[in-house]
Amino acid sequence: MVLSMFSFFCHLFIVKIHKEIKLKESGYSAVLSPAGPSGRRGCTSPPTFSSCTAVNMTKFGNLTTDSGVQALNDYLGDRSYVEGHSPSQADVAVFEGLGKAPNPQFAHVLRWYSHISSFGEGRSKFPGSKPAVPSKVEVKEEEDDDEVDLFGSDDDEEEDAEAARVREERLASYAAKKAAKPGPIAKSQILLDCKPWDDETDMKAMEDMVRTISMDGLVWGASKLIPLAFGIMKLSILCTVEDAKVSVDDLIEKIMEFEDFVQSVDVAAFNKV
């Protein structure tokens, strides 16, 4: 009796081992997903490896963003692998979706990433089929598709033409205002030496005659008498002129018209103001 029961249990054990070996060869693991409402870890019904994997891949979202990595970090909090108790193509898909080692703040992902990375080229031999993982490239392509207007828009062309016209009008208006705005007035300060005929010339009368000259842009300044020789004095008088309105040659000619007093006029100094 004891021998018969022993043989029966041995048979059951061998059958169980045989089933587990076949499951591993087919890429299916008994524990594929978190515990469900029944408390059982795995698919709700005996699915294929790829179908369970596809369900889990959508949990993480875009793994190039912190939110996607955080979702993966939470998922790996009590797991060693993305699916089951051994590395699979699901791990490879998520590994490639990350693209690089995560920040240390995601400790569980960093631990898992370092472990999967250690397999090197051996990752291609992991069991299962590689599922699709959302990536930044896919999101970018969708955004580009949304922005492309295959049929174009006449309204957009009209708006562009209107904007160009308004811009040209504003530029023209600005250029006109800039041209009309007066720039700085160029002025010069000139020291003139007015020499008399002899020592009997009334120098005070000479100065009064010179100051009677009035021109737009001419302002007379200080003056003084400077001795020359033999008692003859010369009148040094300062004036400021606007270069665009007063010619120095014209001013000297006007002074020389007082020929009873003035024998010659020289420019002693000429400075721009």
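See the values below:
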{"read-out": "Pairs where the first residue, in segment 90-115, is in the same structural domain as Pro127 (by TED's automatic domain parsing) and the second is among the acidic types (Asp, Glu) and surrounded by 21 or more Cβ atoms within 10 Å (Cβ to Cβ), C-beta under 7 Å, 6+ apart", "value": "Ala90/Glu83"}
{"read-out": "Condition check for Ser67: surrounded by fewer than 20 Cβ atoms within 10 Å (Cβ to Cβ) and more than 34 Å from the chain's Cα centre (by Cα)", "value": "no"}
{"read-out": "Residue satisfying condition, being more than 30 Å from Lys245 (Cβ to Cβ) and at pLDDT below 85, within set Glu96, Glu121, Glu141, Glu168", "value": "Glu141"}
{"read-out": "Yes/no for Val241 being in a strand (DSSP E or B), closer than 22 Å to Ser188 by Cβ and touching a Gly at 6+ places or on another chain (Cβ under 9 Å)", "value": "yes"}
{"read-out": "Extreme residue, nearest to Met256 (Cα to Cα), among residues of segment 200-225 that are β-branched (Val, Ile, Thr) and surrounded by 11 or more Cβ atoms within 10 Å (Cβ to Cβ)", "value": "Val210"}
{"read-out": "In segment 186-221, the residues that are of a type in the set (A, V, I, L, M), in a strand (DSSP E or B) and closer than 20 Å to Met233 by Cα", "value": "Ile190, Leu191, Leu192"}
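Residue by residue, here is whether (1) in contact with a Lys or Arg (Cβ under 9 Å, 6 or more places away or on another chain); (2) loosely packed, with under 10 Cβ neighbours inside 10 Å; (3) modelled with pLDDT under 85 holds:
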{"site": "Ser114", "(1), (2), (3)": "no, no, no"}
{"site": "Ser129", "(1), (2), (3)": "no, no, yes"}
{"site": "Lys177", "(1), (2), (3)": "no, yes, yes"}
{"site": "Lys187", "(1), (2), (3)": "yes, no, no"}
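The values are calculated or read from the model by the stated rules, or taken from the named source; none is laboratory data. Worth saying up front: this structure is predicted, and the values here are computed from it rather than measured. So basically every Cβ, Gly included, is an ideal-geometry build from the backbone, and we count neighbours across all protein chains shown.
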